[in-house]
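Engineer: Okay, here's the structure, questions in a sec.
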Amino acid sequence: MQRASALLLSGLLFGLIVLMGGAMLAKGGLYLGKHEGDTLHLADMVLRMAEAGQWPHLDFTTPIGVLALAPVAFFVWLGAGLGHAVIWAEVAVALLLLLPLARAAGSRFEATGALAYGAYVVVLCLALVHGEANSAVSLSMHYNRWAWAVVYIIVPLAVLPGAGEPRPWLDGALIGFGMAALALIKVTYFVGLAPAILLAFAARGEGRAFIAAMFAGLSVVAALTVLAGPAFWPAYFGDLLSVTQSDTRVVPGMSLAGVVGAPAYLGGSLALLATVAFLRQSDRLAEGLLLLVLTPGFFLITWQNFGNDPQWLVLLAAFALQLRPDPYRHNGLGMPLKASLTTAAVAALAFATPSMLNLAASPFRQAFASSEGMVPLLSARPEHADLLVQETRLYRASALQPLDLPGGPFAAYRDRAERDEAAVLNGETLPECELQAGYSAWFETAAAELVAAGYAGKRILVADLFSSLWLYGPFPPLPGGAAWLYGGAPGIEAAEFVLVPLCPTTLHSRADMLKALAEDGWTLTEARRSASFILLRPFKP
């Protein structure tokens, strides 16, 4: 009976994958509505892997794990355009997780709950927006959704009691593989959940499951060591360490206190703590304790994810509904605990509803997206013309320039405004100008000027947040470079030239790189100057 239910659940979830995947593929391309900068970041890393055979951490710096990129890179390597590669990667991730999901949902939740729970995990795999309530299609932070999908599989397996025949070896292996996947997608998830997962094995006395989890996790480590070499791990740790020491983007949103107690989040936090209390009062002592230990991890992950979307709310609601006691049990205040847990679950779902609906609808918004005014993001690469963005977002170049500069109308107030340290190049203070939109206009202009001046084929380090110049012209990807600058000047040892934008996408990134180069003893000799950049030869005695 249990096997038949698992097959039925798998079949229904497979049908949902086909429906949502088909909706995304029907348009014949991927039509983005926002976050083209983040998409350039993704394209830079994926094409380095698929076209140049590079490995993250070994050949370019990034704190993002290899499994966040490998599915997309695999389909590009097979010949798909980048837009279709993303869609196929999402479908592949959903299919890969289908059977583990069926095991987790089918053995830990009752029939209707299992289907609803499984459907939401499929949505996390296949959505085309990171969450929140802004409905524009986006590839930004797709790996956060994939990581949450893995969390939704391993946490019930570890925390909730199973129904039917116990299968500790299987459950433990799935938990081990899942934790390894989290470490190789985004390590924040691994760090946030590891204490609770370890405690769950101890609290339930699951020695066999723990052994299976350790074996599964270490087998992933061994396999990746064989594929990438032992240098992969220190390189990965080095990238992670560099981010923790960077002041460029350590906190991509609200403060940790805000994620816990700001008006938009306090209701969910109180629902979580109330659920813990009600579970303990229902004699669900282990589950209540484990949910309490998971709480700091949930907050940590939410804090480190852009948008600070608390995707754990649906998981909380599922736990509260599944673990309700009989209707006659009351706590010391006379509150009926089944109704209390139901109320906590409804509150959690209410707080999660805007994000849930946005995620679930995004593949269908993609299917009916208008193609009017949409142009390829990577104009120099016709093989990836299936990744499209609104033309005005790419070519309407607009910049932010302060009006309190010396001689400006508000110069008298300059000392009262918080300013980043000015960027200085060879004694010259560079303009305070920051590009707000028009990334394609900037990269195409710079690439065309460099080619016309005879710099095609040169290895160029861009002193800015993005190093996507090579995607727009005949330039090789810079060995050791960074698709997204977190600090320092990664790739300078291999660079033949350093390109300094006069109006960068991020003032802080330009200033930070130039400061790092000066501190490391590099001399920059000007080779060319245009209206948009200064090109220099780097030399270190």
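Engineer: Just to be sure before I move on: is ALA489 hydrophobic (A, V, I, L, M, F, W, C), assigned to a loop (DSSP other than H, G, I, E, B) and either in contact with a strand residue (DSSP E or B) (Cβ under 8 Å, 6 or more places away or on another chain) or surrounded by fewer than 24 Cβ atoms within 10 Å (Cβ to Cβ) (or both) in the structure I sent?
Structural biologist: Details: hydrophobic (A, V, I, L, M, F, W, C): yes; assigned to a loop (DSSP other than H, G, I, E, B): yes; either in contact with a strand residue (DSSP E or B) (Cβ under 8 Å, 6 or more places away or on another chain) or surrounded by fewer than 24 Cβ atoms within 10 Å (Cβ to Cβ) (or both): yes.
Answer is yes for this residue.
Engineer: Just one of (1) of a type outside the set (D, E, K, R); (2) in contact (Cβ under 8 Å) with a residue 24 or more places away in the chain; (3) out of contact with any Gly (no Cβ under 8 Å at 6 or more places or on another chain) trips up GLY457, so point out which.
Structural biologist: Only one criterion is unmet by GLY457, namely (2).
Residue-by-condition table, conditions (1) closer than 16 Å to LEU323 by Cβ; (2) open to solvent by less than 80 Å² (accessible area, probe 1.4 Å):
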position: MET214; (1), (2): no, no
position: ALA222; (1), (2): no, yes
position: ALA231; (1), (2): no, yes
position: VAL243; (1), (2): no, yes
position: VAL260; (1), (2): no, yes
position: GLY267; (1), (2): no, yes
position: LEU273; (1), (2): yes, no
position: ALA277; (1), (2): yes, yes
position: ARG280; (1), (2): yes, no
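Engineer: Across region 434-457, which residue is modelled with the highest pLDDT among those that are part of a loop (DSSP other than H, G, I, E, B) and buried (at least 16 other Cβ atoms within 10 Å of the Cβ)?
Structural biologist: Quick first cut of region 434-457, residues part of a loop (DSSP other than H, G, I, E, B) only: 438, 453-457.
So of that shortlist, the ones also buried (at least 16 other Cβ atoms within 10 Å of the Cβ) come out as 438, 455.
Working: GLY438: 91, TYR455: 96.
Looking at the filtered set, the residue picked out is TYR455.
Engineer: Separate question: Is it the case that some residue within region 508-527 is part of a loop (DSSP other than H, G, I, E, B) and of a type in the set (A, V, I, L, M)? Working first, answer last.
Structural biologist: Residues of region 508-527 that are part of a loop (DSSP other than H, G, I, E, B), as a first pass: 520-522.
This time we only want the ones that are of a type in the set (A, V, I, L, M), so: none.
No; the residues of region 508-527 include none that is part of a loop (DSSP other than H, G, I, E, B) and of a type in the set (A, V, I, L, M).
Engineer: A follow-up question, please. Identify, by number, the condition in (1) of a type outside the set (Ser, Thr, Tyr); (2) on the phi > 0 side of the Ramachandran plot; (3) within 32 Å of the chain's Cα centre (by Cα) that GLY407 doesn't meet.
Structural biologist: Looking at each condition in turn, GLY407 falls short on (3).
Engineer: Still on this structure: Might you check whether a residue that is touching a Lys or Arg at 6+ places or on another chain (Cβ under 7 Å) and within 15 Å of LEU273 (Cα to Cα) occurs anywhere in region 288-298? Working first, answer last.
Structural biologist: Filtering region 288-298 down to residues touching a Lys or Arg at 6+ places or on another chain (Cβ under 7 Å) leaves 288.
Going one step further and asking which of them are within 15 Å of LEU273 (Cα to Cα), we end up with 288.
The answer is yes; a qualifying residue exists.
Engineer: Please give the helices (runs of 4 or more DSSP H) falling wholly within region 212-286 in which 1 or more residues are closer than 25 Å to VAL159 by Cα. Don't jump to the end; show me each part of the working.
Structural biologist: Numbers: elements: 232-244, 256-261, 263-281.
The helices (runs of 4 or more DSSP H) meeting that bar are 256-261, 263-281.
Engineer: Kindly establish whether GLY53 is under 26 Å from ARG365 (Cβ atoms) and either among the small types (Gly, Ala, Ser) or out of contact with any Leu (no Cβ under 6 Å at 6 or more places or on another chain) (or both). Reasoning before the result, please.
Structural biologist: Working: under 26 Å from ARG365 (Cβ atoms): no; either among the small types (Gly, Ala, Ser) or out of contact with any Leu (no Cβ under 6 Å at 6 or more places or on another chain) (or both): yes.
Spelling it out, it is not the case that GLY53 is under 26 Å from ARG365 (Cβ atoms) and either among the small types (Gly, Ala, Ser) or out of contact with any Leu (no Cβ under 6 Å at 6 or more places or on another chain) (or both).
Engineer: Going by what's in this entry, would ALA369 be described as at pLDDT below 90, under 26 Å from the mean Cα position of the chain (by Cα), closer than 24 Å to HIS35 by Cβ and not hydroxyl-bearing (Ser, Thr, Tyr)?
Structural biologist: Working: at pLDDT below 90: yes; under 26 Å from the mean Cα position of the chain (by Cα): yes; closer than 24 Å to HIS35 by Cβ: yes; not hydroxyl-bearing (Ser, Thr, Tyr): yes.
Criteria met by ALA369.
Engineer: Right, here's the next one. Of all residues in region 42-60 being open to solvent by 20 Å² or more (accessible area, probe 1.4 Å) and touching a residue at least 60 places away in the same chain (Cβ under 8 Å), which is nearest to the chain's Cα centre (by Cα)?
Structural biologist: Across region 42-60, the extreme among qualifying residues is TRP55.
Engineer: Here's something else I'd like to know. Search region 326-346 for residues being of a type in the set (A, V, I, L, M) and surrounded by fewer than 16 Cβ atoms within 10 Å (Cβ to Cβ), and hand back the single one that is farthest from LEU316 (Cα to Cα). Walk me through how you get there before you give the answer.
Structural biologist: Let us first name the residues in region 326-346 that are of a type in the set (A, V, I, L, M), namely 333, 335, 337, 339, 341, 344-346.
Going one step further and asking which of them are surrounded by fewer than 16 Cβ atoms within 10 Å (Cβ to Cβ), we end up with 333, 335, 339, 346.
Values: LEU333: 23, MET335: 20, ALA339: 15, VAL346: 10 Å.
Only one residue tops the list, namely LEU333.
Engineer: State yes or no: is VAL129 outside any helix (DSSP H, G or I), touching a Lys or Arg at 6+ places or on another chain (Cβ under 9 Å) and not hydroxyl-bearing (Ser, Thr, Tyr)?
Structural biologist: Working: outside any helix (DSSP H, G or I): yes; touching a Lys or Arg at 6+ places or on another chain (Cβ under 9 Å): yes; not hydroxyl-bearing (Ser, Thr, Tyr): yes.
Yes; evaluated as a whole, the condition is true for this residue.
Engineer: So which residues in region 405-433 are open to solvent by less than 60 Å² (accessible area, probe 1.4 Å), of a type outside the set (D, E, K, R) and in contact (Cβ under 8 Å) with a residue 60 or more places away in the chain? Walk me through how you get there before you give the answer.
Structural biologist: From region 405-433, those open to solvent by less than 60 Å² (accessible area, probe 1.4 Å) are 405, 408, 411, 414, 417, 422-423, 425, 430-433; that's our starting set.
Then drop every residue that is not of a type outside the set (D, E, K, R), which leaves 405, 408, 411, 417, 422-423, 425, 430-431, 433.
Residues satisfying the conditions are ALA422, ALA423, LEU425, LEU430, PRO431, CYS433.
Engineer: Quick one: in region 493-541, which of the residues that are open to solvent by 60 Å² or more (accessible area, probe 1.4 Å) and among the basic types (Lys, Arg) is nearest to THR61 (Cα to Cα)?
Structural biologist: Per the stated criteria, the residue is LYS515.
Engineer: Right, something else. Would you mention how many residues in region 359-385 are surrounded by fewer than 21 Cβ atoms within 10 Å (Cβ to Cβ) and either within 23 Å of GLU132 (Cα to Cα) or not hydrophobic (A, V, I, L, M, F, W, C) (or both)? Working first, answer last.
Structural biologist: Looking only at region 359-385, we keep the residues that are surrounded by fewer than 21 Cβ atoms within 10 Å (Cβ to Cβ), and these are 360-361, 364-365, 367-375, 379-383, 385.
With either within 23 Å of GLU132 (Cα to Cα) or not hydrophobic (A, V, I, L, M, F, W, C) (or both) added as a condition, the list becomes 360-361, 364-365, 367-373, 379, 381-383.
Of the residues in that region, 15 qualify.
Engineer: Out of curiosity, is LEU400 open to solvent by 40 Å² or more (accessible area, probe 1.4 Å) and out of contact with any Gly (no Cβ under 8 Å at 6 or more places or on another chain)? Even if it seems obvious, please write down each step before you answer.
Structural biologist: Details: open to solvent by 40 Å² or more (accessible area, probe 1.4 Å): yes; out of contact with any Gly (no Cβ under 8 Å at 6 or more places or on another chain): yes.
Criteria met by LEU400.
The values are calculated or read from the model by the stated rules, or taken from the named source; none is laboratory data. Keep in mind the model is a prediction, meaning the values are calculated, not measured. Neighbour counts are summed over all protein chains in view; Cβ atoms, including those assigned to glycine, are modelled from backbone coordinates with ideal geometry. Note: areas computed on protein heavy atoms with side chains; ligands, DNA, RNA excluded. Shrake-Rupley method; radii C 1.70, N 1.55, O 1.52, S 1.80 Å.
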